[in-house]
Structure formats: structure tokens, C-alpha cells
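To start, the structure itself, in C-alpha cells.
Since every read-out is calculated from the coordinates, none of them should be taken as a lab result. As the structure is a prediction and not an experimental result, all values here were calculated from the model. Don't worry about glycine lacking a Cβ; one is built from the backbone with ideal geometry, like all the others, and counts go over all protein chains shown.
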Amino acid sequence: MNLQPAAVVMDITGVSVRFGHREVLHTVDLRIERGRTVGLVGESGSGKSTLAKAIIGTVPVSAGAISFDGANLAHLDRSRRREFRRRVQLIPQDPYSSLNPRRTVGQTLAEAINPLRPVVRRFEDRITAALEEVSLPPDLINRFPHEFSGGQRQRVAIARALIVEPDVVIADEITSALDVSAQAEVLELIEQLRIKRGITMLFISHNLAVVKQVCDDVAVLYRGDVIESGTAGDVFTNPVNDYTKLLLSSVPGSDRFSLDLASEA
Ligand SMILES: Nc1ncnc2c1ncn2[C@@H]1O[C@H](COP(=O)(O)OP(=O)(O)OP(=O)(O)O)[C@@H](O)[C@H]1O
Ligand SMILES: [Mg+2]
């Protein structure tokens, strides 16, 4: 893994994933360029979370290769794999289950910084700064996940991903469980962080309106195949694939992009 800036930071080529006999991703190609936010859209079950998990290595790929910063992830030694785990952070689809209910926010964030010695006191300044960055008050440090609203929990999950200063953040449906106002707040936060930190992001969503709002590039996943990809401008204004066209054209009214793919599935 070299540190020189490459245009393509994450290069996914011909990746397939099987669960038992069933292949759920079929030779997927996706390139993520540094500093850009790539929207991965597709109806429920199309394989979005599976691709996210394949990237971070929690589901095995059955074919193809994933490279990060020019290095094939399958060939990293232990220390480079550890480094990769820090540099690429997944904000999982369900923060309720991904945040340990028995750990305070402080403990969760301390554990992200140092899993072997998660001492809150030692990292208190960093934790407080991370909470501030996601607009949470510092006194939440001693609170537990069940004491939060959905939006606050999502902010904690975002803070946990950011506190280790990753290069790439994979955000899996981070707004879908939220009501409209909490959703808008989280999107605003993502936008600020993107500008301030220049983070590269894979933004997974089945909501095209949201993707249109935050993404530079878009890839459309349909039953395990990337059927269309390009800049958000191109995909939204000149979709090439019939399925993408159908999705966009089936949106009533002037806001042709405010489509919830899941509801169409
Ligand atoms: N661990 C697993 N074992 C077996 N099948 C799985 C597993 N994880 C996912 N699948 C299947 O793989 C397919 C893709 O699932 P995935 O969770 O990636 O979809 P998704 O696009 O993220 O959907 P959603 O929008 O509902 O989150 C689905 O058919 C799902 O049932
Ligand atoms: Mg999913």
C-alpha cells in the first residue's frame, strides 16, 4: 500500500460473491476515485450491503479482486491489513445493532481508537472533539445507545467511523431509518465532513433523491450486476440502461428523482 495519491483509491474488478450455491454479486466492476462520493443504488436485495462487506473483508469474494491504493487486498500482510481496516471504515446499515448496547458512547469511541486498551479517560479529548464534529454534546460520552434518538445513534456511528481518520467511508443506508428532518440533518453533516475532510465515500442508498443530493458518481446495482455507472449528472440526465430509465421515469411530478427504489421493487 503506497501513500502516493492515486486517482482511483478503490478498484473493484470482476467481483463475485456467493452464499452457498447462490451467487448474489456477479463480476461487479466499480472504481472509486479519491475525494469523490460514489452513490451505490439498487432495490432491496440487489447486493449493496454484500458489496460493502466484501470490500471490508467480512464476506469472502469468490472471484475478482479488490484493490485499495494500488494494493490487492487479498495479498496484504497482517500489518497492512490492520492499516487497511483503519483507513476504510464502514458505517453499517443498522446502528442499533452495530452499537454495543452495554457500552457508553465514550467506550465505543475509545474502542475504535484502541481496541486493546479502550480507556475513555486517555482519549477523552479526541472523543469530545469527535462528538462535537457530529454535533453531539460532549456530555453524551457517558450515555448508552438506548438513550438516543435514531438520528443521534447514527451520529455516534458516524463519529466512530471518523475518529480513526479514515481515507474512505462506506455509508450503508445511513439515512433510511430516519424521519425526514433527521435525514436532512445527517445529510447536511455528511456534506460538511466531505468538504472539510475531503473524504472519499461509497454512499449506499435505495433513495435516488438522497443520492442525487450528495453524490458525484453513481452506480446502479440490479440483482447483483452493476448495470449502469457514471457521473451523477450523466446517469440522472441520460440514463443508458432501460432499468435505470424505468426507475427515473416512474417518478411522478417535477421531482423525477425522488424515487424510493425499495418501494418499487
Ligand atoms: N449472510 C448471508 N447468507 C445468505 N444470503 C445472504 C447473506 N447476506 C445477504 N444475503 C442475500 O444476498 C442478497 C443481497 O443482500 P444484501 O443485503 O447485499 O442486499 P441490499 O442491496 O443491501 O438490500 P437492502 O436494501 O435491503 O439492504 C439477498 O438476496 C440476501 O438475502
Ligand atoms: Mg443493505
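Think of each Lys and Arg Cβ as +1 and each Asp and Glu Cβ as -1; about the Cα centre, that makes the dipole of the chain roughly 1120 debye.
With both partners inside segment 72-230, how many of the DSSP beta bridges are antiparallel, as a percent to the nearest 5? Mind dumping the intermediate values first?
On the way: 5 of 14 bridges.
About 35 percent, rounded to the nearest 5.
Could you give the length gained on full extension between A209 and S62, defined as 0.36 nm per residue of separation minus the Cα-Cα distance, in nm?
On the way: separation 147, 0.36 × 147 = 52.92 nm, distance 3.30 nm.
So the chain would gain 49.6 nm between A209 and S62.
For L202, the residues whose modelled amide H falls within less than 5 Å of its own, excluding neighbours fewer than 5 places apart on the same chain, are V38, V169, I170, A171. Could you work out which residue, out of G39, G230, G47, moves most in a Gaussian network model of the chain, that is, has the largest mean-square fluctuation with Cα springs under 10 Å? Highest fluctuation of the listed residues: G230.
Mind checking segment 1-102 for trypsin sites (Lys or Arg not before Pro) that DSSP puts in a loop (not H, G, I, E or B) and that have at most 16 other Cβ atoms within 10 Å? If you can, show how the numbers build up before the last one.
On the way: sites: R18, R22, R31, R34, R36, K48, K53, R78, R80, R81, R82, R85, R86, R87, R102; in loops: R34, R36, R102.
Those that pass, being in a loop and sparsely packed, are R34, R102.
Counting residues in segment 134-175 as N, plug N into 2.2 N^0.38 Å and put the Cα Rg over that result.
Values: Rg = 10.9 Å, N = 42, 2.2 N^0.38 = 9.1 Å.
The value comes to 1.20.
Judged by the mean number of other Cβ atoms found within 10 Å, the most tightly packed of the peptides 107-116, 151-160 leads the ranking 151-160, 107-116.
A P(r) calculated from all alpha carbon pairs of the chain, with 5 Å bins opening at zero, reads 1, 6, 13, 17, 18, 17, 14, 9, 4, 1, 0, 0 percent. Stokes-Einstein diffusion for segment 48-142, with the hydrodynamic radius set to the Kirkwood value over Cα pairs and evaluated at 25 °C in a medium of 0.890 mPa s, equals 160 µm²/s.
GNM remark for the chain: springs join alpha carbons under 10 Å apart, and the peak mean-square fluctuation among A52, A171, A129 falls on A129. Cross-link reach is defined here as a Cα-Cα straight distance under 18 Å, omitting same-chain residues fewer than 8 places apart; for K245 the lysines meeting it are K212. Across the alpha-carbon set of segment 146-254, the Rg to Rh ratio works out to 0.99, Rh being the Kirkwood radius. Measuring r between the beta carbons of N238 and I195 and using R0 = 35 Å, the FRET efficiency lands at 0.80.
Counting only Cα atoms, I'd like the Rg/Rh figure for segment 114-204, Kirkwood definition for Rh.
0.95
With a Förster radius of 41 Å applied to the beta-carbon distance between R126 and S249, the computed FRET efficiency rounds to 0.30. Rg and Dmax, both from the Cα atoms of segment 173-227 and both in Å, are 12.0, 35. Its Cα gyration tensor gives segment 2-76 an equivalent ellipsoid; the semi-axes, largest first and in whole Å, are 22, 15, 9.
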